[in-house]
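Contents: one structure, followed by commentary.
Read-outs: derived from the displayed coordinates by stated rules, not from any lab. The structure displayed is predicted, hence computed values, not measured ones. Every residue, glycine as well, gets a Cβ built from its backbone with ideal geometry; the counts of neighbours run over all protein chains shown.
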Protein chains: 2
Amino acid sequence: MHFADSLTRATKEKSPVCVGLDPQLAKLPASLPKTPEGVLAFCKGIVDATKDVAAAVKPQMAYFEVLGWQGMKVFWETCAYAKGQGMVVIADGKRNDIGSTCEAYADAYLSAGSPIDALTVTPFMGSDGINPFIKRCTENEKGIFVQVKNSNPSSGEIQDLPVGDEVVHEHIAQLVESWGMRHLGKETNLSCVGAVVGATYPEEVKYLRTLMPHIPFLIPGYGAQGGGAADVLHGFVPDGTGAIVNAARSIIFASNKDDWREAAKASAEKMAGEIGGALRK
Amino acid sequence: MHFADSLTRATKEKSPVCVGLDPQLAKLPASLPKTPEGVLAFCKGIVDATKDVAAAVKPQMAYFEVLGWQGMKVFWETCAYAKGQGMVVIADGKRNDIGSTCEAYADAYLSAGSPIDALTVTPFMGSDGINPFIKRCTENEKGIFVQVKNSNPSSGEIQDLPVGDEVVHEHIAQLVESWGMRHLGKETNLSCVGAVVGATYPEEVKYLRTLMPHIPFLIPGYGAQGGGAADVLHGFVPDGTGAIVNAARSIIFASNKDDWREAAKASAEKMAGEIGGALRK
């Protein structure tokens with residue numbers, strides 16, 4: 001099934017919550033070893049605790065790469081486990097390159113047998129760095145989320161530079177819409193090409209939705225970074241689909257004591273309730 | 001020793017040639033197995049063949065990541081081998097993220113014991129995505145190369161957008177100079193913060209050198225992508241240092257027969273001679 005269609009089905013069935021798997025060793029529950037094995041046990045526990053309420057998980061690759069190749073082994077095991085438990089798996093790697101190197105990244109993460117459903121990518125090198133990913137998406141029913149407007153304080157240093165009567169990220173949004181609109185799902189009319197748009201910039205979320213009507217949004221910055229339900233509301237399309245909202249710390253590190261699984265589940269449920277409530281208004 | 005100082009010593013002693021390790025399985029010498037072990041044997045052979053003429057190697061991470069965690073194991077083994085043979089090791093990962101995630105990438109590749117000397121990074125998220133890398137560079141005598149103007153045809157879609165009376169990549173160049181000029185090496189007055197500037201845009205190379213007088217340049221695009229010695233000349237600082245020029249395919253795949261080592265060495269020597277000749281003029 002087309003990525004946007006399967007993502008949308010999952011968000012309708014569960015919620016548009018995406019659980020960010022940012023397994024920082026220092027923050028793992030006290031009972032777990034600070035090793036790759038501890039990270040795997042933690043990620044599996046979070047998947048088990050949240051799989052009924054959250055549509056997706058987003059493993060952040062940096063926290064696996066910092067553990068060397070043993071960490072990458074655990075990354076793949078985490079992705080396979082989450083996929084097996086019925087979650088949409090979004091690898092957050094923000095990869096970018098061109099030509100045959102870009103093809104290698106696309107093959108690494110979006111090949112036919114991969115447990116990963118979608119990858120975050122950076123548009124900095126233009127369409128040469130995007131088209132090889134889109135090719136794999138259409139061949140293998142995968143997705144990408146292109147960074148458009150990030151949630152961090154300094155994202156504007158480049159993304160908000162004025163270009164004529166718009167700014168850089170608005171220009172990129174129009175590129176993303178043009179890249180994506182040729183590859184729409186039958187059920188949703190949404191593309192396999194998505195966009196990363198930070199919850200911490202709610203005015204931009206609203207305007208960017210008008211620039212990218214066919215583009216699924218991955219909205220990070222909910223919870224610990226300061227974004228709330230009202231901030232992400234305008235990232236959805238009119239029927240209340242088309243967006244997935246990520247929170248990491250506020251869910252996965254809700255407790256570091258023996259109740260960490262229950263605390264993670266409760267936090268994900270609370271977030272799903274907040275967003276669901278805002279969407280119903 | 002400060003990264004810019006050690007890089008410059010290596011380029012003076014050998015040449016400013018950087019050998020791009022892009023080990024595409026399909027292009028490996030016919031005698032090698034198309035496996036992670038074959039990739040490792042290939043990379044070690046290229047290091048052995050070029051270590052006396054080229055200052056640095058640049059392993060392209062995508063070609064290792066596409067082999068799964070076994071590929072990442074070989075990536076680390078390749079970096080350690082090249083470092084042990086006296087080459088400067090530049091990991092080409094174009095990583096970018098913010099906050100604790102950016103710190104995790106910095107710790108992954110630029111920690112004190114890492115065999116990697118420098119990492120390529122993407123400036124798209126602004127200084128939040130750069131400062132954690134610079135912190136590790138100053139602590140551990142490492143370097144970064146920030147993408148400023150890439151060598152590919154579509155790099156201008158974002159990097160050449162007009163911002164007032166300049167373009168986006170010129171604005172980024174000024175950010176890079178400001179990030180880098182506080183962290184200069186004593187021998188060279190060059191920074192541990194470098195820039196990626198494509199050989200395929202020689203006019204931009206020349207102008208960007210004036211905008212970034214303290215910044216070492218990593219210049220890709222030599223050889224197979226079309227750049228030549230005259231195109232990279234203006235990326236050097238006036239004393240003929242301050243830049244390293246990367247070629248991958250034209251060196252590592254100079255032959256896929258049994259003479260692949262000798263052919264790689266001859267290609268690197270030819271390139272070193274071309275650049276040296278142009279610099280002496």
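Tabulated values for the structure
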{"item": "Filter pass, B:LYS51 being away from chain A (no Cβ under 11 Å) and either over 16 Å from B:ALA118 (Cβ atoms) or hydroxyl-bearing (Ser, Thr, Tyr) (or both)", "result": "yes"}
{"item": "Residues within region B:121-144 that are more than 10 Å from chain A (Cβ to nearest Cβ) and assigned to a loop (DSSP other than H, G, I, E, B), tallied", "result": "2"}
{"item": "Residues that are of a type in the set (A, V, I, L, M), within 12 Å of another protein chain (Cβ to nearest Cβ) and over 18 Å from B:ALA55 (Cβ atoms), drawn from region B:108-120", "result": "B:ALA108, B:LEU110"}
{"item": "Search result, residues across region A:157-188 that are aliphatic (A, V, I, L, M), over 21 Å from A:LYS142 (Cβ atoms) and not in a helix (DSSP H, G or I)", "result": "A:LEU161, A:VAL163, A:VAL167"}
{"item": "Some residue of region A:235-244 being of a type in the set (Asp, Glu), closer than 24 Å to A:LEU190 by Cα and either without any contact (Cβ under 8 Å) to a residue 40 or more places away in the chain or crowded, with 20+ Cβ neighbours inside 10 Å (or both)", "result": "yes"}
{"item": "Scope region B:142-172; condition free of Cβ contacts under 8 Å to residues at least 12 places away in the same chain and β-branched (Val, Ile, Thr); matching residues", "result": "B:ILE158, B:VAL163, B:VAL167, B:VAL168"}
{"item": "Among residues of region B:109-122, those that are out of contact with any Phe, Trp or Tyr (no Cβ under 8 Å at 6 or more places or on another chain) and either in contact (Cβ under 8 Å) with a residue 40 or more places away in the chain or surrounded by fewer than 24 Cβ atoms within 10 Å (Cβ to Cβ) (or both), counted", "result": "4"}
{"item": "Hey, A:TYR105 buried (at least 24 other Cβ atoms within 10 Å of the Cβ), of a type in the set (Phe, Trp, Tyr), more than 7 Å from chain B (Cβ to nearest Cβ) and touching a helix residue (DSSP H, G or I) at 6+ places or on another chain (Cβ under 9 Å) or not", "result": "no"}
{"item": "Count of region B:200-231 residues which are closer than 21 Å to B:PRO59 by Cα and surrounded by 17 or more Cβ atoms within 10 Å (Cβ to Cβ)", "result": "11"}
{"item": "Test result for B:LYS34, farther than 30 Å from B:ALA243 by Cβ and of a type in the set (Lys, Arg)", "result": "yes"}
{"item": "Among (1) more than 8 Å from chain B (Cβ to nearest Cβ); (2) under 30 Å from A:GLU13 (Cβ atoms); (3) surrounded by fewer than 24 Cβ atoms within 10 Å (Cβ to Cβ) - the single one A:GLY93 does not satisfy", "result": "(3)"}
{"item": "Any chance B:ALA80 is surrounded by fewer than 24 Cβ atoms within 10 Å (Cβ to Cβ) and without any contact (Cβ under 8 Å) to a residue 40 or more places away in the chain", "result": "yes"}
